[in-house]
Amino acid sequence: MSSKAVTLPSGGSMPLLGLGTWLSPPGAVQEAMEVALDAGYQHFNCAYFDQSKADIGEALKRTMGEGRLKRDDLYVVSKLWNIFHAPQDVKLASLETLSLLKLDYLDLCLMHSPMGIGNINGELVPQKDGLLLHSDVDTWRAMEKVVDKGLVKSVGVSNFNVSQLERLLSVCRIKPAANQVELHPYLTQPELVEYCKSKGIVLIAYSPFGCPALPCPLGENSPVPLLENPTMKEIAQKHGKTSAQVLIRFHIQRGIATIPKSITLARIMEKAEVYDFHLTRYESRCWKD
Ligand SMILES: NC(=O)c1ccc[n+]([C@@H]2O[C@H](COP(=O)([O-])OP(=O)(O)OC[C@H]3O[C@@H](n4cnc5c(N)ncnc54)[C@H](OP(=O)(O)O)[C@@H]3O)[C@@H](O)[C@H]2O)c1
């Protein structure tokens with residue numbers, strides 16, 4: 001009914017559904033990955049500060065060692081964390097990530113944020129106005145060299161807005177393949193989505209359920225949690241699906257990849273069943289209340 005993968009500007013293809021791993025405790029993530037692999041997931045999203053990186057590496061190694069999937073069948077994404085923006089740190093950080101994940105290469109490495117965090121005399125100092133620690137352009141050039149060395153197949157960004165992307169596109173040798181940003185019906189970012197589409201940059205939607213593990217701090221002014229939004233529940237019921245499946249479908253049917261996190265085995269399996277229904281144009285736009 002719809003494609004399960006999207007083609008990147010660099011030529012490879014990325015499965016639209018991936019497993020997020022942030023806040024997945026070590027131990028639980030290995031079982032989650034086993035179930036995800038059985039359910040057909042091939043795309044796994046990691047980050048430098050994920051506490052479960054070594055467990056993810058073990059699970060990937062076991063999968064390949066047992067011959068369940070070849071390296072080419074997996075799509076592993078990780079990120080360059082903000083303390084490694086100095087150009088001389090980029091290759092070392094990539095090698096450390098590969099070592100922890102027990103891989104020879106990453107399919108996609110994202111600059112986690114346009115803002116670096118500097119290490120000034122042993123203290124971590126966030127980048128702020130008037131204090132430019134490292135230009136994201138210099139960091140990007142070092143990431144391009146990591147592609148040249150074969151350590152990563154593609155490079156991309158995360159949490160970049162339109163003007164940050166424009167600046168990068170005006171100077172880059174390798175175009176960012178993807179931009180991973182928070183996207184869901186409460187945060188649709190239409191200008192950014194249109195811009196990325198027009199430039200062929202693949203979008204990866206993080207927190208597709210609005211990150212219920214970290215509830216909105218607005219107290220009684222908080223919106224209804226996305227998974228409990230009554231309009232969305234109605235749509236889910238109409239299609240014989242769950243709210244989570246509808247929230248995933250919202251992205252993948254318009255070619256946006258998404259990486260819902262779960263360590264609950266039934267939820268992981270349920271999320272793979274999102275290719276047998278279609279949201280109408282109206283259903284894709286009516287959940288903002
Ligand atoms: N690039 C970035 O800056 C950035 C930022 C944030 C996140 N991310 C990535 O995006 C991934 C996903 O985002 P996220 O973790 O923020 O939030 P999310 O995927 O929106 O939500 C995950 C939470 O929803 C729960 N959940 C999953 N399926 C459910 C279901 N069917 N019904 C009810 N609850 C359900 C999970 O609980 P259980 O695990 O207990 O099932 C978990 O607590 C992260 O893991 C991370 O890899 C990237």
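The values are calculated or read from the model by the stated rules, or taken from the named source; none is laboratory data. Being a predicted model, the structure only gives us computed values, none of them experimental. Quick reminder, even Gly has a Cβ in these numbers, built from the backbone with ideal geometry, and neighbours come from all protein chains shown. What goes into the accessible areas is simple: the full protein's heavy atoms, side chains included, and nothing from ligands, DNA or RNA. Shrake-Rupley method; radii C 1.70, N 1.55, O 1.52, S 1.80 Å.
So the values come out like this:
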| quantity | calculated |
| --- | --- |
| Which numbered condition Asp104 misses (of (1) away from the ligand (no atom under 16 Å from the Cβ); (2) farther than 30 Å from Gln30 by Cα; (3) assigned to a loop (DSSP other than H, G, I, E, B)) | (2) |
| Output for the range 185-226, where each listed residue is under 19 Å from Ile263 (Cα atoms) and under 18 Å from the mean Cα position of the chain (by Cα) | Ala205, Tyr206, Ser207, Pro208, Phe209, Gly210, Cys211, Pro212, Ala213, Leu214 |
| Members of the range 229-254 that are more than 14 Å from Arg285 (Cα to Cα) and within 9 Å of the ligand (Cβ to nearest atom) | Thr242, Ser243, Ala244, Gln245 |
| Residue in the range 60-116 that is modelled with the lowest pLDDT, counting only those that are among the aliphatic types (A, V, I, L, M), more than 19 Å from the chain's Cα centre (by Cα) and open to solvent by less than 10 Å² (accessible area, probe 1.4 Å) | Ala86 |
| Residue match in the range 11-19 (condition: away from the ligand (no atom under 16 Å from the Cβ), out of contact with any helix residue (DSSP H, G or I) (no Cβ under 9 Å at 6 or more places or on another chain), in a strand (DSSP E or B) and not charged (D, E, K, R)) | yes |
| Filter result (open to solvent by less than 30 Å² (accessible area, probe 1.4 Å) and either basic (Lys, Arg) or not in a strand (DSSP E or B) (or both)) within the range 148-162 | Leu151, Phe160, Val162 |
| Count of residues meeting criterion [at positive phi and either open to solvent by 50 Å² or more (accessible area, probe 1.4 Å) or in contact with a Pro (Cβ under 9 Å, 6 or more places away or on another chain) (or both)] in the range 2-39 | 2 |
| Any chance Ala32 is of a type in the set (A, V, I, L, M), within 27 Å of Gln245 (Cβ to Cβ) and in contact with a strand residue (DSSP E or B) (Cβ under 6 Å, 6 or more places away or on another chain) | no |
| Total residues in the range 74-101, condition in a loop (DSSP other than H, G, I, E, B) and not small (Gly, Ala, Ser) | 3 |
| Selection within the range 193-212 - within 14 Å of the ligand (Cβ to nearest atom) and not β-branched (Val, Ile, Thr) | Leu203, Ala205, Tyr206, Ser207, Pro208, Phe209, Gly210, Cys211, Pro212 |
| Extreme residue, farthest from the ligand (Cβ to nearest atom), among residues of the range 213-227 that are in a helix (DSSP H, G or I) and surrounded by 11 or more Cβ atoms within 10 Å (Cβ to Cβ) | Leu226 |
| Pairs, first within 23 Å of Trp22 (Cα to Cα) in the range 208-229, second near the ligand (Cβ under 9 Å from one of its atoms) and of a type in the set (Gly, Ala, Ser), C-beta under 7 Å, six or more apart | Phe209/Ala244; Pro225/Gly210; Leu226/Gly210; Leu227/Ser243; Leu227/Ala244 |
| Test result for Arg249, under 18 Å from the mean Cα position of the chain (by Cα), farther than 20 Å from Val76 by Cβ and among the charged types (D, E, K, R) | yes |
| Residue satisfying all of: in the range 163-192; charged (D, E, K, R) and in a loop (DSSP other than H, G, I, E, B); surrounded by the fewest Cβ atoms within 10 Å (Cβ to Cβ) among these | Arg173 |
| Residue that is surrounded by fewer than 20 Cβ atoms within 10 Å (Cβ to Cβ) and modelled with pLDDT under 95, where the choices are Thr264, Thr231 | Thr231 |
| Selection count, the range 39-73, where residues are touching a residue at least 40 places away in the same chain (Cβ under 8 Å) and in a helix (DSSP H, G or I) | 8 |
| Residue ID - farthest from the ligand (Cβ to nearest atom), chosen from residues in the range 267-286 that are part of a helix (DSSP H, G or I) and surrounded by fewer than 18 Cβ atoms within 10 Å (Cβ to Cβ) | Met269 |
